[in-house]
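Please read the structure below before turning to the comments.
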Amino acid sequence: MTLIEARGLEKYYQSRPVLKGVTLQINSGEVLALIGPRGAGKTTLLRLLDLLESPSRGEIYFNGVNVTSSERLRFFVRRRMSFVTQRTVVFSGTVADNIACGLKWRGERWQMVSDRVESVLELIGMSQYANRDARTLSVGETQLVALARALVIEPEVLFLDEPTANLDPVSAARVEAVLTQFIRLRNMTVVMATHDMLQGQRLAGRIAVIMGGQLLQVGESRQIFCAPATKEVAEFVGVENILPGKVDSNNGSLAVIDIEGIKLEAITACKPGELVWAIVRPEDITFAKVRGYTSARNVFPGRIQRVASVGALVRIEVDCGFPLLGVLTKRSAEDIGVEQGGEVYVSFKATAVHVIGRQ
Amino acid sequence: MEELWRAVVKAFELIVSLDAEVIDITGRSLLISATSCIIACAVCFPLAGIIHFSSFPGKRLFISVVQTLYSLPTVLVGLFIFVLLSRSGPLGGLGLLFTPLAMVMGQAIFLCPIVLGLGISALRAVDTAIYDVAMALGANRVQATLQVMKESRYALAMTAMMGFGRAISEVGLSLMVGGNIKGFTRTLTTAISLETSRGNLEFAIALGIILLLLALMVNMIVGWLQQR
């Protein structure tokens, strides 16, 4: 069921467009990640959806009700949501005071406030910090308190703006763990902005890619990562093999694509003559020393240009008429014996090639 | 020189012996200045909150006018209140001229620009994220503004102390609208001015020392607040 719906949202700051017609539906109980580079408009979109700011154009519906312009309605709905801003500040006072704020502002009874604060403190594992001056906390602890401050309200919708951007890996993991726990416990609707697409993939069911104020693609994370809608999305989600080509022929959606004179087979509906980008994820490429039997339709001989270790993996850049990047585990790299300047056969399936139009 | 020394010694005697008139004048000064300061703060702090968190055309001009009025001469305020309260003035019927109430009114008006201007500066010094986060957690505008004021409470308290210091040390206005009536509107500053002109130096010096001590106290409180 659609909980929040944005229709054609536009936002200008001093005539500078920040959002250019964003239409988006957020379902009740889902976790949606907004991913995009810095300055893409993620924060602005969150602030509009949380009704902290009004759009320059467009409408926002909450539970089917247009809440764009009525100030009273906006306030009423805003109180059912909470927002964790990117730059978190604590209020002066103790950790418990900080967490109690949202409830006090809603005029909740004192007893209820202290019960809720206590249980949230326990959930984030900071019960012993209740009476500590909030300004003496570490960055990671501050972020947990900021999260607790928003969660204690038991909001229907939680907005998170880069919840772990300024944290060390250990604190970030802790914040993520608390989040995951709460999402499972409360069945909340969560909208989070992040430039860390892996975090988006870990926490969210659906991902919306926003760039330059426009929503470029919305879908399940698998879809975004394997079938990016545009070259920009592909680049942003870390696809490294984006090859410019032209469709030679298409026979019942098994197409032959010409890439710098080399024919590559792919599954696509694109018509012959169309200019396209052929996208191949490095993980889908296999390497072999000899040309053996393989079911993959694309097999090319190539020369290894560069070999680099990345953690437990090895990145291999191959020139097979066009540049291609693949990854292998250290172990397989040793088995095959990859080395700079060596020859190698690369292969990938026709279904591993994702084709998008190119102007 | 010896005469001066004798006056200083006498002055200390007056203070230490808790001379009835010295106590009376000091008490009245404190009461009038504190009252005017509280009134000025009660009016100007909320006003500072409203002005700081709203945007209207001419806001910057308004603030710079307020800041210019920091050096508003007390005699001008005195003149204004005098005209307002004099028998033929618009509020003449109230018979308030030459009463402590007139002095409180005058001092409160005199303090308003300082308290308002410094109050706005105090709120401006608070991290803008405080207001934002408060709104994000469901505060309404009044609640968010109050939260920002809470964050700047030391700066606001400092503003109040500075206002009090200004009020207790001003003389022109008190003299003009209070009239320096003994036992009724005579304060530290007006008494010093009168006793000096009458040649009653030891009394003037005694009151001067008390005024200095009060100023020192205010300063110490401000310093303590600054460190918070």
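The table below lists the values:
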read-out: Criterion (without any contact (Cβ under 8 Å) to a residue 12 or more places away in the chain and of a type in the set (S, T, Y)) met by exactly one of B:S193, B:S169, B:S174, B:S197; value: B:S197
read-out: Long-range neighbours under 6 Å by Cβ, at least six apart or interchain, first residue at the interface with another protein chain (Cβ under 9 Å from one of its Cβ atoms) within segment B:132-153, second among the small types (G, A, S) and assigned to a loop (DSSP other than H, G, I, E, B); value: B:E151/A:S92
read-out: Segment A:99-114, residues that are charged (D, E, K, R) and at the interface with chain B (Cβ under 10 Å from one of its Cβ atoms); value: A:K104, A:R106
read-out: Filtered residues of segment B:98-151 (kept if among the polar types (S, T, N, Q) and in a helix (DSSP H, G or I)); value: B:Q107, B:S121, B:T128, B:Q143, B:T145, B:Q147
read-out: Any hit, segment B:28-37, residues being closer than 27 Å to B:L146 by Cβ and at pLDDT below 95; value: no
read-out: Boolean, A:I153 is at pLDDT below 90, touching a strand residue (DSSP E or B) at 6+ places or on another chain (Cβ under 8 Å) and either surrounded by fewer than 22 Cβ atoms within 10 Å (Cβ to Cβ) or in a loop (DSSP other than H, G, I, E, B) (or both); value: no
read-out: Enumeration of residues in segment A:174-199 that are aliphatic (A, V, I, L, M) and surrounded by 17 or more Cβ atoms within 10 Å (Cβ to Cβ); value: A:V175, A:V178, A:L179, A:I183, A:M188, A:V190, A:V191, A:M192, A:A193, A:M197
read-out: Selected residue [of a type in the set (A, V, I, L, M) and surrounded by fewer than 19 Cβ atoms within 10 Å (Cβ to Cβ)] from A:V139, A:V145, A:V117; value: A:V139
read-out: Every residue from segment A:156-173 that is surrounded by 18 or more Cβ atoms within 10 Å (Cβ to Cβ) and either under 19 Å from the mean Cα position of the chain (by Cα) or within 13 Å of another protein chain (Cβ to nearest Cβ) (or both); value: A:E156, A:V157, A:L158, A:F159, A:L160, A:D161, A:E162, A:P163, A:T164, A:L167, A:A172
read-out: Positions within segment A:31-51 being in a loop (DSSP other than H, G, I, E, B), within 13 Å of chain B (Cβ to nearest Cβ) and hydrophobic (A, V, I, L, M, F, W, C), in sequence order; value: A:L51
read-out: Of all residues in segment A:95-111 being part of a helix (DSSP H, G or I) and touching a residue at least 40 places away in the same chain (Cβ under 8 Å), the one that is surrounded by the fewest Cβ atoms within 10 Å (Cβ to Cβ); value: A:A100
read-out: Enumerated helices (runs of 4 or more DSSP H) restricted to segment B:1-76, each holding at least 2 residues that are within 15 Å of the chain's Cα centre (by Cα) and at positive phi; value: none
read-out: Filter result for A:S92 (under 22 Å from B:K150 (Cβ atoms), assigned to a strand (DSSP E or B) and either within 10 Å of another protein chain (Cβ to nearest Cβ) or of a type outside the set (K, R) (or both)); value: no
read-out: Single match in A:S119, A:S54, A:S114, A:S82 (criterion: of a type outside the set (A, V, I, L, M, F, W, C) and assigned to a strand (DSSP E or B)); value: A:S82
read-out: Segment A:62-83 - residue that is at the interface with another protein chain (Cβ under 9 Å from one of its Cβ atoms) and under 20 Å from A:S28 (Cβ atoms) and, of those, surrounded by the fewest Cβ atoms within 10 Å (Cβ to Cβ); value: A:R80
read-out: Residue within segment A:330-349 that is closer than 21 Å to A:S249 by Cβ, under 27 Å from the mean Cα position of the chain (by Cα) and of a type in the set (A, V, I, L, M, F, W, C) present; value: yes
read-out: Count of residues meeting criterion [touching a helix residue (DSSP H, G or I) at 6+ places or on another chain (Cβ under 7 Å), farther than 22 Å from B:L47 by Cβ and either within 14 Å of chain A (Cβ to nearest Cβ) or small (G, A, S) (or both)] in segment B:83-131; value: 4
read-out: Matching residues in segment A:315-348 - criterion: being assigned to a loop (DSSP other than H, G, I, E, B) and either of a type in the set (A, V, I, L, M, F, W, C) or surrounded by 18 or more Cβ atoms within 10 Å (Cβ to Cβ) (or both); value: A:C320, A:F322, A:V338
read-out: Candidates B:S55, B:S36 - the one that is closer than 30 Å to A:C101 by Cα and either among the hydroxyl-bearing types (S, T, Y) or touching a strand residue (DSSP E or B) at 6+ places or on another chain (Cβ under 6 Å) (or both); value: B:S55
read-out: Some residue of segment B:153-165 being within 30 Å of B:K10 (Cβ to Cβ), among the basic types (K, R) and surrounded by fewer than 20 Cβ atoms within 10 Å (Cβ to Cβ); value: no
read-out: Of the criteria (1) touching a Phe, Trp or Tyr at 6+ places or on another chain (Cβ under 8 Å); (2) within 14 Å of chain B (Cβ to nearest Cβ), which one A:L121 fails; value: (2)
read-out: Count of residues meeting criterion [among the basic types (K, R) and surrounded by fewer than 18 Cβ atoms within 10 Å (Cβ to Cβ)] in segment A:1-44; value: 4
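The values are calculated or read from the model by the stated rules, or taken from the named source; none is laboratory data. Worth saying up front: this structure is predicted, and the values here are computed from it rather than measured. Note that each Cβ is placed from the backbone with ideal geometry, even for glycine, and that neighbours are counted across all protein chains shown.
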